[in-house]
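What follows is calculated from the coordinates using simple rules that are stated; it is not laboratory data. Bear in mind the structure is a predicted one, so any value in this text is a computation, not a measurement. Note that we place each Cβ from the backbone using ideal geometry, even for glycine, and neighbour counts take in every protein chain shown.
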Amino acid sequence: MNDRGGVRSRCTLFAAGAIGPYPFSVPLKEVAMRTYSPKASEITRAWHVIDADGLVLGRLCTETARLLRGKHKPTYAPHLDSGDHVIIVNARKVVLTSGKAEREQVYRFSGYPGGLKQESYADLLARKPEEALRRSVRGMLPKGPLGRQMLRKLKVYAGPEHPHTSQNPARLELPQAKAR
């Protein structure tokens, strides 16, 4: 018998599992599940090839960063590199919309006073299209050792050929990234 004259309080019944939001209330100890965290040996990496011909730079890079991080997998963990390898071909044919190629600037800093260099995206795409894509994807990945490890799985080529045919990369279409 308790302090309420034999009537059990609602809190006591809820803790015992008799009252709850569901008709089949069970004690909380039986419901608790462990968080799954994949081990490095359990991670499988696929190879994807993306043809950047006519794709918008930002939309292409967000999808690429998602694949490199592994966010498309059910075993995604933010502290592990569980992503796939991504090959981008035809990088010189990537598109920037609404005049951003001439308007937006890309900066480099040598570390010395007066060592800030800048150029437009149009100039960078003409000079080194691989570097334009790599820089854009790098900004969408985690900063630090984990992001650098993810970036090593990105292979960018200006032309339509790549040397990774022995990896049997799956062709990935991105219709949402097409320039309208």
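Listing for the model above:
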quantity	calculated
Gain in span if fully extended, ARG152 to ARG180, counting 0.36 nm per residue against the direct Cα distance	7.0 nm
Contour minus Cα-Cα distance for GLU161 and SER98 (0.36 nm per residue)	19.8 nm
By average C-beta atoms within 10 angstrom, highest first, the peptides 140-148, 125-133, 160-168	125-133, 140-148, 160-168
Amide proton proximity set for HIS48, modelled H, under 5 Å, gap of 5+	HIS85, VAL86, ILE87, ALA170
Ordering of 56-67, 32-43 by burial proxy (mean other Cβ atoms within 10 Å per residue, highest first)	56-67, 32-43
FRET efficiency for THR44 and GLU173, using Cβ-Cβ distance with R0 set to 30 Å, rounded to 0.05	0.85
Interchain or long-range residues, amide H under 5 Å from SER120's placed H	VAL106
